[in-house]
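K.L.:
Quick one: the structure is below, questions incoming.
Please treat every number below as a calculation from the coordinates, not as lab data. Fair warning: this is a prediction, and the values are worked out from it, not measured in the lab. Reconstructed Cβ throughout: ideal geometry from the backbone, glycine too, with neighbour counts over all protein chains shown.
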Amino acid sequence: MSIGYFLYKISTQSYFKLIQLIAPFHERAGKLYRGQLNPILIDPKATNQKRLWLHVASLGEFEQAKPVLIALKNHLPQLQIIVSFFSPSGYENRKNDGIIDYAMYLPFESRKNVQIVIDNINPDWVIWVKYDFWIDYLNEIYNRKIPLYLIAALFNPNQYYFKFPGNFHLKIFKQFTQIFTQNIKSSTLLANFKIKSVIAGDPRFDNVNQLKSSQQDLSILDSFWNNSPLIVCGSTYRKEEKAIACVQKSIKLEFKYIIAPHFVDEKHINEIAMLFPHALRYSAIKKGQDLSTIQTIIIDNIGLLAQLYRKATIAIVGGGFKKGGLHNILEATIHGIPVLFGPQINRFPEALELVANKSAYVFQDAQSLLKQIEHIYPNRISMISENASIFMNKHLGSGEAIAKAILADIRH
């Protein structure tokens, strides 16, 4: 047993114990812990039936994988898709997605759980998305000679996997049947360790393109936006919300605002309401209500954000003040609107590229946010829209390409 693997076991078991201890007092930990206790109730696989097991950490990784699942299903209509989630944000929001035949929380890693899960799922092949490498699960899949694929992989030299003691992951990476990376930097890094991969791009581009064509009824807000310039603030945290509140007080332009925070628990919604004392909650809106005098609406539920961006003049996306925390900016970019976010973007190639081609802008605080908005609106909106369209079109097609490569490998 390597030192790295030993430390991995100690840290993961400690984490699981911590989740169990705080579950009665912490909402998300409680959902995660209780989800682990649910029995696996998958029907036995029928004769000649093919079954795919997809594992994702959370909601974002599922959305990233969805174009691949759709493409696989188009080629194999009878394919049964089992999806395991680690995070409640993934399971609770997507457990009833139409592409999924069975959704579950991934049980905490133990020798017993690994055997039970793989025996019950009985997959013909397995797809892991981006990261969330549960070593005992991956080893057992490999030992059973089940084809194992990693998609949307994104690596950089500073990651734990490439340094002692985390470099025991390199052995795990070599066990994947195929690795599909998002960019050339990731593939080059793997090649330095004699690990083969294919540069396939990021399927999230296909996912947001598919979302763009879907329509959700937002007519209840017609009198709110009423052709006014609109700033949609998506997946925000406290730091972005404070900056937005300052901007709203000082900006000369008469924008309207929608605040759609990452967390919609009552405590956070109340905190936002204190920053925007004249705002109206989405859940309080009545059909036919005149919203023309309302400047700010707080979205206190989930599932609307991707559709709200289609009405935006400018988008502000949260998470950019946490290392590795930036949320999905492509949901806004697909609509050809400028996107603003915090400065921690080095782990996000799409953000770096959008900033470079002047389709997105970074802000450090309320003052720089105000400056960027005044720089963008109204004179640069048309240019940004054109740049964003070129950027998005360049990156489409990854989902179909990955699906075809997996099918070709399986049928080989």
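K.L.:
How many angstrom lie between the Cα centre of the stretch 241-312 and the Cα centre of the stretch 344-396?
P.N.:
What the calculation gives is 22 Å, centre to centre.
K.L.:
Average projected area of the Cα convex hull of the chain, in nm²? Spell out each step's value before the answer.
P.N.:
Details: hull surface 84.3 nm².
Quarter of the Cα hull surface area: 21.1 nm².
K.L.:
How much length is gained if the chain between Asn156 and Ile302 is pulled fully straight, taking 0.36 nm per residue apart and subtracting their Cα-Cα distance, in nm to one decimal?
P.N.:
Working: separation 146, 0.36 × 146 = 52.56 nm, distance 3.21 nm.
Full extension from Asn156 to Ile302 adds 49.3 nm.
K.L.:
I've got another one for you. Arrange the peptides 101-113, 21-33 so that the one whose residues have, on average, the most other Cβ atoms within 10 Å appears first. Don't jump to the answer; show the numbers that get you there.
P.N.:
Details: 101-113: 16.8, 21-33: 14.8.
Answer by packing, highest mean first, reads 101-113, 21-33.
K.L.:
Let me know the shape class of the stretch 134-181, please: from the alpha-carbon gyration tensor, a ≥ b ≥ c as square roots of the eigenvalues, rounded when a/c is under 1.5, otherwise prolate if a/b is greater than b/c, or oblate. Provide the component values of the computation, followed by the final result.
P.N.:
Details: a/c = 2.83, a/b = 1.42, b/c = 1.99.
Oblate is the answer for the stretch 134-181, as a/c is 1.5 or above yet b/c matches or exceeds a/b.
K.L.:
Sticking with this structure for a sec: What distance in nm separates the two pseudo spin-label positions at Ile410 and Lys196, each 7 Å out from Cα along the beta-carbon direction?
P.N.:
Taking the two extended label points, one gets 2.0 nm.
K.L.:
Taking the chain as the reference, fit the longest principal axis to its C-alpha atoms, fit the long axis of helix 3-22 to the helix C-alpha atoms, and give the angle between the two in degrees, 0 to 90, nearest 10.
P.N.:
So the inclination is approximately 60 degrees.
K.L.:
A further question on this structure: In what sequence do Leu275, Leu72, Leu7 fall when counting other Cβ within 10 Å, fewest first? Write out the running numbers ahead of the final one.
P.N.:
On the way: Leu275 17, Leu72 26, Leu7 13.
Ascending Cβ contact count within 10 Å gives the list Leu7, Leu275, Leu72.
K.L.:
Ok, one more. Find, among the trypsin sites (Lys or Arg not before Pro) in the stretch 233-279, those assigned to loop by DSSP (not H, G, I, E, B) with at most 14 other beta-carbon atoms within 10 angstrom. It would help to have the intermediate numbers written out before the result.
P.N.:
On the way: sites: Arg238, Lys239, Lys242, Lys249, Lys252, Lys256, Lys267; in loops: Lys252.
Those satisfying the criteria are Lys252.
K.L.:
Another question about this same structure. Which whole-number percentage describes the relative contact order of the chain, with Cα contacts under 8 Å and a sequence gap of 6 or more?
P.N.:
On the way: 673 pairs, mean separation 55.1, N = 412.
It rounds to 13 percent for the chain.
K.L.:
If a paramagnetic tag sat 7 Å from the Cα of Asn113 along the Cα-Cβ line, which residues of the stretch 34-74 would have the backbone N under 13 Å from that point?
P.N.:
34-40, by backbone N distance to the label point.
K.L.:
Given axes a ≥ b ≥ c from the Cα gyration tensor, I'd like to know whether the stretch 110-193 is rounded (a/c under 1.5), prolate (a/b larger than b/c) or oblate. Kindly include the intermediate steps, with their values, before the conclusion.
P.N.:
On the way: a/c = 2.49, a/b = 1.67, b/c = 1.49.
Cα axes put the stretch 110-193 in the prolate bin.
K.L.:
Please rank Asp43, Asp300, fewest neighbouring Cβ atoms within 10 Å first, as an exposure proxy.
P.N.:
On the way: Asp43 10, Asp300 20.
Starting with the residue having the fewest Cβ neighbours, the order is Asp43, Asp300.
K.L.:
Note down the nm distance, to one decimal, between modelled labels 7 Å out along Cα→Cβ at Asn393 and at Asn139.
P.N.:
5.0
K.L.:
So how strong a dipole does the stretch 212-394 carry about its Cα centre when Lys and Arg Cβ are +1 and Asp and Glu Cβ are -1, to the nearest 20 debye? Before the final figure, lay out each step's value.
P.N.:
Details: 20 positive and 16 negative charges, 50 e Å.
Charge dipole of the stretch 212-394: 240 debye, to the nearest 20.
K.L.:
Then there's this: In nm, what is the difference between 0.36 nm times the number of residues separating Ile3 and Arg28 and their Cα-Cα distance? Walk me through the numbers on the way to the answer.
P.N.:
Values: separation 25, 0.36 × 25 = 9.00 nm, distance 3.14 nm.
The span from Ile3 to Arg28 would gain 5.9 nm if fully extended.
K.L.:
Would you order Thr12, Thr293, Thr47 from fewest to most other beta-carbon atoms within 10 Å of each residue's own beta-carbon? The partial results should precede the final answer.
P.N.:
Working: Thr12 16, Thr293 8, Thr47 4.
So the residues, fewest neighbours to most, are Thr47, Thr293, Thr12.
K.L.:
Label Asn167 and Lys358 with points 7 Å out from Cα along Cα→Cβ: what is the distance between them in nm?
P.N.:
A separation of 4.4 nm, rounded to one decimal place.
K.L.:
Roughly how big is the chain's charge dipole about its Cα centre, with Cβ charges of +1 (Lys, Arg) and -1 (Asp, Glu), in debye to the nearest 20? Intermediate values should be presented prior to the final figure.
P.N.:
Details: 46 positive and 33 negative charges, 184 e Å.
I would put it at about 880 debye.
K.L.:
Further question on the same structure: May I ask you to compute the full-extension gain from Met274 to Leu218, defined as 0.36 nm times their residue separation minus their alpha-carbon distance, rounded to one decimal in nm? Walk me through the intermediate numbers first.
P.N.:
Numbers: separation 56, 0.36 × 56 = 20.16 nm, distance 2.56 nm.
Extra length available between Met274 and Leu218 comes to 17.6 nm.
K.L.:
Where is the GNM fluctuation largest for the chain (alpha-carbon springs, 10 angstrom cutoff): Val208, Val232, Val114?
P.N.:
Val114
K.L.:
Continuing with the same structure: Find which of Leu308, Gly320, Met392 sits farthest along the positive direction of the dipole of the stretch 212-394, computed with +1 on the beta-carbon of Lys and Arg, -1 on that of Asp and Glu, about the Cα centre.
P.N.:
Gly320
K.L.:
To the nearest 20 Debye, how big is the dipole of the stretch 179-245 about its Cα centre, given +1 on the beta carbon of each Lys and Arg and -1 on that of each Asp and Glu?
P.N.:
Numbers: 8 positive and 6 negative charges, 112 e Å.
It comes to approximately 540 debye.
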